[in-house]
Amino acid sequence: MDDFLLVLNAGSSSIKFSVFCIDQQESEVVIKGQVDGIGSKPFFRAKNKHQEVIAELFLEGELIDHHQALKFLLGWLDTHSPNGKIIAVGHRVVHGGPDITAPALIDDQLMQLLESLIPLVPLHQPHNLAGIRAIAKTRPDIPQVACFDTSFHTSCTDMTRRFGLPEQLFQEGIRRYGFHGLSYEYIASVLRTETPEIADKKVVIAHLGNGCSMCAMDGGKSVDTSMGFSALDGLMMGTRCGSLDPGVLLYLMREKSMGVDQLEQLLYKESGLLGISGITNDMRELIQSTAPQADIAVDLFVYRIRRELGSLVAALGGLDALVFTAGIGENSAQIRQRVCEDAKWLGVELDESLNEMNKQALAYLSSSKSKVPVLVVPTDEELMIAQHTLKIIHARK
Ligand code: ADP
């Protein structure tokens, strides 16, 4: 009988999952998949460890919610992993507030705290918590662990966390939290084992996916990051605007009578690469497109990284390595090349042929003359969650 760990990442209309087979301290993904279209046309798809599709089906009924989708998933897993049992579930939870510095076993007290944070991330946290509640209801015997996107940045000082707003608002929690922490933590752990000569130095990581952010790390700890109070701040993203003069919001409210919901839609869903190009939020398509607006969108994407990199290097007081990760960072040689071209003043120099090669694991991309090593490190937030969950479950025994 094998033991399995289930890792869940519940979003607004999808639940991504990974099943890890646990063998002593090691864990390996055996099934990965997702339920998409929750609330509209739910579709389930799963692949095995060889990337072969092992299930593809529409779930009956348009009104399937997170709870029903998870019930289906657990039932499906029971019949498709007959030689073992799920011993724990690890969840990605976007917000842990200012004080939670590490993953935690979920109990009623923690749930209450996480619920109190919903107003800070209304588009994400409710879905994360719905996933936890659904498991607690369907399988109350299974221990659950929450892993937070904010925890990694709790090492930042209050200086980097404060906005120039009245102190009372800071005390009430209006501060920079930072996100993508599980990705940064994973990369910090890979650097520690694979490139210890870099891990303890000043490193900037560019997590460039649909959501994009950058993190300034010193000695493996976050000292500053581009995302702030929400996941809107900093770099321009697929559909999110990135840094924006707050005066724009006042103008849109006053002159265009925009309400909260409209602004939320505009800033989260209709801006960024999609808003500027008017074509798509998909970087691959924009790079291939000949439309002038696609070029403008990609140019601005790169320029914002240039600005943010300068700012984070100033925060660190130097730069010893630059790391690319996530969908665009891992796969787009062109974006990496343009970012590094802009960063020449920092002593960054790419090796073009290394940059062009397809990267499945940590790899150096810089030339031998480069003062600052450039690396690509594929991120793995699910593995990070699995490792944390396993550690907490073992410590409990
Ligand atoms: P998420 O933030 O949703 O996890 P990903 O990390 O998967 O997103 O990144 C998605 C982005 O990566 C998309 O914009 C996609 O176009 C981009 N991407 C993936 N492969 C490539 C590629 N070969 N070239 C350029 N962009 C790519």
Quick one: Debye curve from the C-alpha atoms of the chain, no solvent, what's log10 I(q)/I(0) at q = 0.07 Å⁻¹? -0.33
Cross-link pairs beyond the 20 Å C-alpha cut-off, checked among Lys32/Lys221; Lys221/Lys344; Lys49/Lys85; Lys71/Lys269; Lys47/Lys391: Lys32/Lys221; Lys221/Lys344; Lys71/Lys269; Lys47/Lys391
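P(r) tail for the stretch 171-260, what percent of Cα pairs lie past 22 Å? Let's see the in-between values first.
Working: 1604 of 4005 pairs.
So the pairs more than 22 Å apart make up 40 percent of the total in the stretch 171-260.
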In nm, spacing of pseudo-spin labels at Leu250 and Glu194 (7 Å Cα→C-beta vector): 4.7 nm
Nearest-10 value in Å² for the accessible area of His91, using the 1.4 Å probe: 0 Å²
Expressed in nm to one decimal, what extension gain is obtained for the pair His394 and Gln262 from 0.36 nm per residue of sequence separation less their Cα-Cα distance? 42.9 nm
Report, by chain and number, residues whose modeled amide H sits under 5 Å from the one on Leu350, excluding near sequence neighbours (fewer than 5 apart, same chain). Ser367
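Please tell me the relative contact order of the chain in percent, rounded to the nearest whole number, where contacts are Cα pairs under 8 Å and at least six residues apart.
It rounds to 13 percent for the chain.
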Extension reserve of the Gln168-Ile54 stretch, reckoned as 0.36 nm per residue once the Cα distance is removed: 35.7 nm
Distant-in-sequence amide H partners of Phe179 (H built 1.01 Å from N, under 5 Å): Met227
Nearest 10 degrees, 0 to 90: what angle lies between the long axis of helix 333-342 and the longest principal axis of the chain (Cα atoms)? 40 degrees
Quick one: which residues, 5+ away or cross-chain, put their amide H under 5 Å from the amide H of Ala55? H built at 1.01 Å from N. Ala46
Kindly rank 260-270, 170-180, 339-349 from highest to lowest mean number of other beta carbons found within 10 Å of each residue. 170-180, 339-349, 260-270
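Could you tell me what percent of the accessible area of the stretch 88-228 is made up of carbon and sulfur, with a 1.4 Å probe and every protein chain present? Don't jump to the answer; show the numbers that get you there.
Details: 2970 of 5580 Å².
For the stretch 88-228, the apolar C and S fraction of the accessible surface comes to 53 percent.
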May I ask you to evaluate 6.51 cos²θ - 1.76 cosθ + 1.60, the Karplus curve with θ = phi - 60°, for each residue of the stretch 31-47 and list the ³J(HN,Hα) values in order in whole Hz, giving x for glycine and proline? 9, 9, x, 7, 10, 9, x, 5, x, 10, 10, x, 10, 10, 9, 9, 10
Give a residue-ordered list of calculated ³J(HN,Hα) values for the stretch 98-115 (Karplus: 6.51 cos²θ - 1.76 cosθ + 1.60, θ = phi - 60°; whole Hz; x for Gly, Pro). x, 9, 7, 9, 8, x, 8, 5, 7, 9, 4, 5, 5, 4, 4, 5, 5, 5
Counting alpha carbon pairs within less than 8 Å and at least 6 residues apart, what relative contact order, in whole percent, applies to the stretch 240-397? 15 percent
On the full set of protein chains, 1.4 Å probe, figure out the accessible area of His80 and give it in Å² to the nearest 10. 90 Å²
Phi to ³J(HN,Hα) by Karplus 6.51 cos²θ - 1.76 cosθ + 1.60 over the stretch 187-193, Hz, x for Gly, Pro: 5, 4, 5, 5, 4, 4, 8
How many Å² of accessible area per residue for the chain, probe 1.4 Å? 48 Å²
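The values are calculated or read from the model by the stated rules, or taken from the named source; none is laboratory data. It should be emphasised that the depicted structure is a prediction, and the values quoted were computed from it without experimental measurement. Cβ sites come from the backbone with ideal geometry, for glycine too, and all protein chains shown count toward neighbours. Calculation scope for accessible area: heavy atoms of the full protein, side chains included, ligands and nucleic acids excluded. Shrake-Rupley method; radii C 1.70, N 1.55, O 1.52, S 1.80 Å.
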